[in-house]
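Below is one structure, written out as structure tokens; the observations come after it.
The values are calculated or read from the model by the stated rules, or taken from the named source; none is laboratory data. Remember, predicted model here, so these are calculated numbers, not experimental data. Neighbour counts run over all protein chains shown; Cβ positions are idealised from the backbone, glycine included.
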Amino acid sequence: MFKFLKELPKVELHAHLNGSLNTNSLRDLAEKVYGNTSEEFSQLCARFVDFEKDSNLDKCFEKFAFVHELTSTAEGLQYATELVIRDFANDNIQYLELRTTPKANNNYLRRDYLRIVLDTIKKGREKYPNILVKLLPSINRSEPVAVAEETVALAVEFAKTDPDLVVGIDLSGNPAQGKFTDFSGALNLARKEGLKLVIHCAEIDNTSEIKEMLAFGMSRCGHGTYLSSEDIAHMKAADIPIECCLTSNVKSGTVSSFEEHHLKQLMEADAPKVVCTDDSGVFDTTLTNELLLVAETFNLTRDHCIDLTMEAVKHSFANDEERQQMALKVEHYVNSLKSE
Ligand code: 5GP
């Protein structure tokens, strides 16, 4: 099964740039930023090992802050983006929707941040021709609304020049912080301008916010851990897929075990769902591993895994032609196995 899943041309729809740097890539990046003999480099490596000891949602957000130090220069950000694309390409991801929160510091403005990431994605097309990458700028709900407004304005502007590259807006960040309704104006503007919305929703148990988010609407739902059966029926009727990230949810402690993951409920309800990594670096996983985990936990066959991949093709923000190409790649792969 591992070989079958590894070679399957997969589709990743929920991946945060700074969370997708695996330990090797972080080492490469730290070496590039600080040099491998520096004191900063040894200290960074020691801190990273420390993060592995225990994990909960807050600890994960500390880990993001740590990675952000390494991508706080233009060179670091550019190299990190390249490494992330490389790692997904090596896992045979044929289509990747990458999200990232534009940041501003002494080295770059939010506009520069997006420009660097976009330029690196474009340059990566030559080096990694088998992976098609799109970008969704993220709004961090723990930052001020003005920052969200700036992010949307930039996303709209960049989408005008690169409509096939900048395809949507993500709402993420610590779910215990910020108030959803404060961001609905900015999100609405993005939607009016034709951007798709992916919203981290029902990640923690907050019934009133879940109601507000579902009433507001979205193209895809991040995590959906605390959706009720009625909410799931709503998602099914509206054809809104739930992005399921098993390792992330269990390691960050929002779901108690793989067996109890809500993906089971979604499959039983025949509700739309996609399997994703979330933060393959922070949670030390790959999409191959996530699909294997799902197959082993819920006794899925190869055909089920193909169906899950085709569901991801359907719910991607690729254009019709790109989606057709993606489906064809999966079909060719399946046919090549039959003729073996
Ligand atoms: P970045 O946007 O810096 O490229 O990726 C890391 C950021 O994505 C984190 O700082 C956080 O704001 C967001 N993020 C990553 N994983 C999760 C998650 O599982 N839940 C939520 N709510 N936000 C996340």
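Considering only residues of the stretch 242-255 that are of a type in the set (A, V, I, L, M, F, W, C) and part of a strand (DSSP E or B), which is farthest from the ligand (Cβ to nearest atom)?
Going residue by residue through the stretch 242-255, those that are of a type in the set (A, V, I, L, M, F, W, C) are 242, 244-246, 250, 255.
Next cut, part of a strand (DSSP E or B) only: 242, 244.
Details: ILE242: 13, CYS244: 12 Å.
Residue satisfying both the conditions and the ranking: ILE242.
Table: residues versus (1) of a type outside the set (S, T, N, Q); (2) in contact (Cβ under 8 Å) with a residue 40 or more places away in the chain.
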site	(1), (2)
GLU290	yes, yes
ASN299	no, no
HIS304	yes, no
LYS314	yes, no
VAL330	yes, yes
TYR333	yes, yes
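Taking the stretch 174-184, which residues are exposed (fewer than 13 other Cβ atoms within 10 Å of the Cβ) and part of a helix (DSSP H, G or I)? Working first, answer last.
Filtering the stretch 174-184 for residues exposed (fewer than 13 other Cβ atoms within 10 Å of the Cβ) gives 177, 179, 181-182.
Within the stretch 174-184, THR181, ASP182 qualify.
Take VAL156 and tell me if it is under 21 Å from SER316 (Cβ atoms) and crowded, with 23+ Cβ neighbours inside 10 Å. Before you say what the answer is, go through the steps one by one.
Numbers: under 21 Å from SER316 (Cβ atoms): yes; crowded, with 23+ Cβ neighbours inside 10 Å: no.
No.
Exactly one condition in (1) at pLDDT 95 or above; (2) of a type in the set (D, E, K, R); (3) assigned to a loop (DSSP other than H, G, I, E, B) is not met by GLU296; state its number.
Just one mismatch for GLU296, condition (3).
Just give me the residues in the stretch 1-21 being part of a loop (DSSP other than H, G, I, E, B), within 14 Å of the ligand (Cβ to nearest atom) and either of a type outside the set (S, T, N, Q) or at pLDDT below 95 (or both), in sequence order.
Keep residues of the stretch 1-21 that are part of a loop (DSSP other than H, G, I, E, B), which gives 1, 8-9, 20-21.
Narrowing further to those that are within 14 Å of the ligand (Cβ to nearest atom): 20-21.
Correct list: LEU21 only.
Looking only at residues in the stretch 52-77 that are more than 9 Å from the ligand (Cβ to nearest atom) and in contact with a Leu (Cβ under 6 Å, 6 or more places away or on another chain), which one is modelled with the lowest pLDDT?
LEU70
Please find, among LEU114, LEU83, LEU118, the residue that is assigned to a helix (DSSP H, G or I) and out of contact with any helix residue (DSSP H, G or I) (no Cβ under 6 Å at 6 or more places or on another chain). Full working, then the answer.
On the way: LEU114 fails: out of contact with any helix residue (DSSP H, G or I) (no Cβ under 6 Å at 6 or more places or on another chain); LEU83 fails: out of contact with any helix residue (DSSP H, G or I) (no Cβ under 6 Å at 6 or more places or on another chain).
Only one candidate passes the filter, namely LEU118.
With the structure loaded, tell me whether ALA104 is more than 30 Å from ASP303 (Cα to Cα), within 14 Å of the ligand (Cβ to nearest atom) and modelled with pLDDT of 95 or more or whether it fails that test. Step through it out loud before you land on a result.
On the way: more than 30 Å from ASP303 (Cα to Cα): yes; within 14 Å of the ligand (Cβ to nearest atom): yes; modelled with pLDDT of 95 or more: yes.
Yes, satisfied.
Does LEU171 meet the test of being in contact (Cβ under 8 Å) with a residue 60 or more places away in the chain, assigned to a strand (DSSP E or B) and surrounded by 22 or more Cβ atoms within 10 Å (Cβ to Cβ)? Full working, then the answer.
Details: in contact (Cβ under 8 Å) with a residue 60 or more places away in the chain: no; assigned to a strand (DSSP E or B): yes; surrounded by 22 or more Cβ atoms within 10 Å (Cβ to Cβ): yes.
Judged against the criteria, LEU171 is not a match.
Restricting the first residue to the stretch 265-279 and requiring it to be under 23 Å from PHE88 (Cβ atoms) and touching a residue at least 40 places away in the same chain (Cβ under 8 Å), which pairs with a second residue that is of a type in the set (A, V, I, L, M, F, W, C) and assigned to a loop (DSSP other than H, G, I, E, B) meet a Cβ separation below 6 Å and a spacing of at least six or different chains?
Pairs that qualify, where the first residue is under 23 Å from PHE88 (Cβ atoms) and touching a residue at least 40 places away in the same chain (Cβ under 8 Å) and the partner is of a type in the set (A, V, I, L, M, F, W, C) and assigned to a loop (DSSP other than H, G, I, E, B), are CYS276/CYS245; ASP278/CYS245.
Please go through the stretch 196-217 and pick out each residue that is assigned to a loop (DSSP other than H, G, I, E, B) and either among the charged types (D, E, K, R) or surrounded by fewer than 22 Cβ atoms within 10 Å (Cβ to Cβ) (or both). Give the derivation first.
The initial filter retains those residues of the stretch 196-217 that are assigned to a loop (DSSP other than H, G, I, E, B), namely 202-206, 217.
Listed by number, the residues that qualify are GLU203, ILE204, ASP205, ASN206, GLY217.
Can you pull out the residues in the stretch 192-209 that are closer than 22 Å to CYS276 by Cβ and either within 20 Å of the chain's Cα centre (by Cα) or away from the ligand (no atom under 16 Å from the Cβ) (or both)?
From the stretch 192-209, those closer than 22 Å to CYS276 by Cβ are 195-206, 209; that's our starting set.
Answer for the stretch 192-209, where residues must be closer than 22 Å to CYS276 by Cβ and either within 20 Å of the chain's Cα centre (by Cα) or away from the ligand (no atom under 16 Å from the Cβ) (or both): LEU195, LYS196, LEU197, VAL198, ILE199, HIS200, CYS201, ALA202, GLU203, ILE204.
Residues are listed down the side, and each one gets a yes or a no for (1) out of contact with any strand residue (DSSP E or B) (no Cβ under 8 Å at 6 or more places or on another chain); (2) at pLDDT 95 or above; (3) away from the ligand (no atom under 16 Å from the Cβ); (4) part of a helix (DSSP H, G or I):
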position	(1), (2), (3), (4)
TYR226	yes, yes, no, no
GLU230	yes, yes, yes, yes
HIS234	yes, yes, yes, yes
ILE240	no, yes, yes, no
SER257	yes, yes, yes, no
HIS261	no, yes, no, no
GLN265	yes, yes, yes, yes
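For HIS261, work out the one condition from (1) surrounded by fewer than 19 Cβ atoms within 10 Å (Cβ to Cβ); (2) farther than 22 Å from LYS63 by Cα it doesn't fulfil.
(1)
Of the residues GLU150, GLU157, which single one is assigned to a helix (DSSP H, G or I), modelled with pLDDT of 95 or more and under 22 Å from ALA65 (Cβ atoms)? Quick ask: steps written out before the conclusion?
Working: GLU157 fails: under 22 Å from ALA65 (Cβ atoms).
Of the residues listed, the single one that is assigned to a helix (DSSP H, G or I), modelled with pLDDT of 95 or more and under 22 Å from ALA65 (Cβ atoms) is GLU150.
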